[in-house]
Amino acid sequence: MATKKKKITNPVVLRLAEFFQRNGYVRRQSADRLKAEGTSSYKKGEEVRLVAATKTELAEMRRLLRDQGFKLGKPFTTAGTHRQPIYGKEQVRRFLELVGEPIPE
């Protein structure tokens, strides 16, 4: 059964959804690696990354996320683009629900 995407009417949430749909992505924790290596050596967790083309766009992205109550990770630059991470399973779930994206199991 296909689920309908919710219609977003809040302009702040709509803008965040646009950022995510353009080129954002979710990094998942590997349950197999966690089981094999344990928490002392495998530190990767759940994460959403939004990608900004400019510093101005990154600043807008960070402001919008803060306005929605997200705790932000430190942004970084890769291949000429700016990346804004959002760390933690609960924050990832909340972000995906907010922007109307399916939550991976």
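Bear in mind these aren't lab numbers, they're just calculated from the coordinates by the rules spelled out. Fair warning: this is a prediction, and the values are worked out from it, not measured in the lab. FYI the Cβ positions are ideal-geometry reconstructions off the backbone, even for glycines, and counts take in every protein chain you see.
Details
- Residue-count net charge about THR81 - beta-carbon cut-off 13 Å; Lys, Arg +1, Asp, Glu -1: +3
- Under the simplified labelling scheme, the TYR25-THR9 pair shows an inter-label distance of 3.5 nm, with each label point 7 Å from Cα along Cα→Cβ.
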